[in-house]
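Notes to accompany the following structure.
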Amino acid sequence: MTEGYRVVPGKQGPKDVVPPGPDVRRVAIIGAGFAGLCMAIRLRRAGIDDFVVYEKADDLGGVWRDNTYPGAGCDVPSVLYSYSFAQNGHWSRSFPLQGEILDYLHACAARFDLARNLRFRTEVTAARYDAAAGLWHISLSDGTEESAQFLVTGVGQLNRPRYPEVPGRHQFLGTSFHSAEWRHDHDLTGRRVAVIGTGPSAVQFVPEVAKQAGRLYVFQRSANWVIPKPDREYGRLALTLLSKVPPARLGLRGAIYLRAETALYWAIRGRRRGKLVEFMAKRHLRSQIPNPALRARLTPGFPIGCKRILISDDWYPTLARENVELVTDPISRIIRTGIDTADGTHRPIDTIIYGTGFLATEFLRPMEITGRDGARLHDVWKDGAAAYLGLTVPAFPNFFMLYGPGTNLGHNSIIYMIESQVEFVLKRVLRGGTHEVTQGQFDAQQSQVEAALQDTAFAADCTSWYKTADGKVTTNWPRRTLTYRMATRRG
Ligand code: NAP
């Protein structure tokens, strides 16, 4: 079943395949981040070598390659933040830093011999399904075209920086950049710095910027829920246990997974039991911000879990520093020399850092994906992206998305979801033939997910990247990760 793969028109199944042409592969993967690499590794381990990974950048790593801001790291505990089949027992601390996550991904690529399948500086601009040949024709940025029987995207949800629509943004004469495009050549020492945004990225880099800047203004539109971060460097005993005693590592991994699937899950489901997390957050705020006026400005006005719960021990103390000012008056405009707020205050600024997130709901843009009978994915998604289990869409045969619509989490590690998705795709690749979800299957699953989402904190009243402009949650999975895994096994 694995020796050839071009499907003969009109027939389906492993027996009905013919050998490939020169530019035809069995599987084309787009993106060499956690998801794309996971797919590549599972193909390799299943004995399939005929695949390519297109990556527009000149290195692998996805968000862990792009986000190099000071303090960048992961708010998922390190013991959980590796593939189940390549667990890392060598993290230096309980919450991993960006550099070591990137090193881990490089080590995985080397261990599973992926270099020969990776094509860097190769951006996919479009893909078109050819029903007669049973192939996806893939257009590349160099103007060439290649084909594959299966097309799998692993481009993530957080790969395109979002800038705020603030009047005058382009007039600013100082230096400005987005957190995902950090200007390491720009020295912040002694400067008047403005940070716009107070999400998970800002919470990590603001404490570092505050140590350097002369004056730091943090522009907050909404306060977030923040819980303590039990982060510490691993000592020798912990390192030995985690690297050399697999049951110890598995035990800790399991315990952390279970905590996420209980306390944090109840919080995002808006359950009474989830109040424990809200209580922790309130106590954290009280203990770190003694000033009641500042505390009031840092108290969220929406239910916990509506947007990603922040994890930090140095965010609040940073905002209480002498050289830091929390600005909660709305920004009215940016001018050449600084930022004006609605109360009429002008603050002169040398550097603006945008911690304003990503165009998360614009899935797969700017690629043009055209399925069977000329169906265009972005037309199908005009009212918001949706896919069967986040993986596949009717009229798009043999097309699969990893970390697609409706699969982001607010409570646990996304790697678990990615592994579930990769097994779903691998099963179909191994089976061969043409796979397309029916409209009935798609509709039934979608209505279940949409109903379940209404019953989560994600749907509550707050601004978040989980929602489209008209307020529809299209990014997130509303249930437990185990429920998702079972659904992908059955699916
Ligand atoms: P984000 O969560 O989308 O936060 C963007 C911030 O910018 C929010 O505070 C938002 O305010 C603010 N903002 C947006 N437009 C604005 C405007 N016009 N005026 C003023 N403020 C504005 O972005 P992010 O912090 O980059 O995080 C994005 C996601 O990346 C996270 O949710 C997470 O999934 C991932 N991430 C993960 C980690 C990790 O450790 N695993 C770390 C960093 C990021 P509002 O809240 O009022 O909308």
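Coordinate-derived values only; no laboratory data. Here the structure is a predicted model, which means the values were calculated and not measured. All Cβ positions, glycine included, derive from the backbone under ideal geometry; neighbour counts span all protein chains shown.
Here are a few things to note about the model shown:
- Column: log10 I(q)/I(0), Debye, Cα scatterers of segment 245-382, q = 0.13, 0.18 Å⁻¹: -0.93, -1.13
- Distance histogram in 10 Å bins (all Cα pairs of segment 295-344, percent per bin): 18, 38, 36, 8
- Prolate/oblate/rounded label for segment 41-90 (Cα gyration tensor, a/c 1.5): oblate
- In terms of surrounding Cβ atoms within a 10 Å radius of their Cβ, 233, 146, 322 rank from fewest to most as 322, 233, 146.
- 297, 236, 65 arranged by Cβ crowding within 10 Å, fewest neighbours leading: 236, 297, 65
- Summing Cβ point charges (Lys, Arg +1; Asp, Glu -1) relative to the Cα centre of the chain gives a dipole of roughly 1600 debye.
- Square roots of 5 times each gyration tensor eigenvalue, C-alpha, the chain, largest first, Å: 40, 25, 23
- Share of alpha-carbon pairs per 5 Å distance bin for segment 212-315, given as whole %: 2, 10, 16, 19, 15, 13, 11, 8, 5, 1
- In the chain, the DSSP-assigned H stretches of four residues or longer account for a calculated mean residue ellipticity at 222 nm of -8500 deg cm²/dmol, using -39500 (n - 2.57) per stretch and the full residue count as denominator.
- In this structure, the amide hydrogen of residue 335, modeled 1.01 Å from its nitrogen in the peptide plane, lies closer than 5 angstrom to those of 340, counting only residues at least 5 positions away or on a different chain.
- Its convex hull of Cα atoms gives segment 84-235 a direction-averaged projected area, equal to a quarter of the hull surface, of 15.0 nm².
- Exposure proxy for 275, 382: other Cβ atoms within 10 Å of each Cβ, ordered fewest to most, give 382, 275.
- Cysteines without a disulfide-compatible neighbour (Cβ-Cβ under 4.7 Å), the chain: 38, 74, 108
- Centroid-to-centroid, using Cα positions, segment 342-410 and segment 172-194 are 27 Å apart.
- Computed over the alpha carbons of segment 150-213, Rg followed by Dmax gives 14.8, 53 Å.
- With contacts taken as Cα pairs under 8 Å and at least 6 residues apart, segment 283-422 reaches a relative contact order of 13 percent.
- For segment 390-484, Kirkwood radius (reciprocal of mean inverse C-alpha pair distance, Å): 14.3 Å
- Contact order, relative form, for the chain: 20 percent (alpha carbon pairs under 8 Å, 6 or more residues apart, mean separation divided by residue count).
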